[in-house]
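First comes the structure, then the notes that go with it.
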Amino acid sequence: MLGVAGTFSQYLESDAGLTNRVQFVGTRGPNGAFDIVRSCRVLFAELNAGSYDYVVAAPNRDVWNHLTVVNPQVAWLQADPNAALVKIIPGLKLNYPRGGPRQPEPFPVYRIKGQLQPSHCPR
């Protein structure tokens, strides 16, 4: 099973035959709102509870301006030894980091090797 930390990337992970099961991991809000988890400890608890094999940390996307915004979940996953970087999915054309280089922001893919530890979250 594949968990997605972030949004706007389902078809990138579904594979050509749309056979992968992709589940978004986030925070539900009023009126159908869905947002990224803004706490490392909460994200790790959600990912541990979901028993995911892989997690993609998608850039946050400003769809109106074709920009991406830094996703703190990338740094959180990098800090835990049970999240192993296995692949970088190229970014979407015309979606550049705000204030960053004019190249598409990639989507890192992590294999979850064991329970993510809240003690690895930044303080």
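Readers should treat all values here as calculations from the given coordinates under stated rules, not as data from a laboratory. Quick caveat: nothing in here was measured; it's all calculated off a predicted structure. In this analysis, Cβ positions are derived from the backbone assuming ideal geometry, glycine residues included, and neighbour counts consider all displayed protein chains.
Where does the charge balance sit around SER119 when Lys and Arg score +1, Asp and Glu -1, over other residues with C-beta under 11 Å from its C-beta?
My count for the surroundings of SER119 gives +1.
Compute the FRET efficiency between ASP53 and ASN31 as 1/(1 + (r/R0)^6), taking r as their Cβ-Cβ distance and R0 = 35 Å, and round to the nearest 0.05.
Computed FRET efficiency for ASP53 and ASN31: 0.60.
For TYR110, what is the net charge nearby, where nearby means another residue's Cβ is under 12 Å from its Cβ and Lys, Arg count +1, Asp, Glu -1?
Net charge in that neighbourhood comes out at +1.
Taking a virtual spin label 7 Å from the Cα of VAL42 along the C-beta vector, which residues in segment 65-79 bring their backbone nitrogen under 15 Å of it?
72-73
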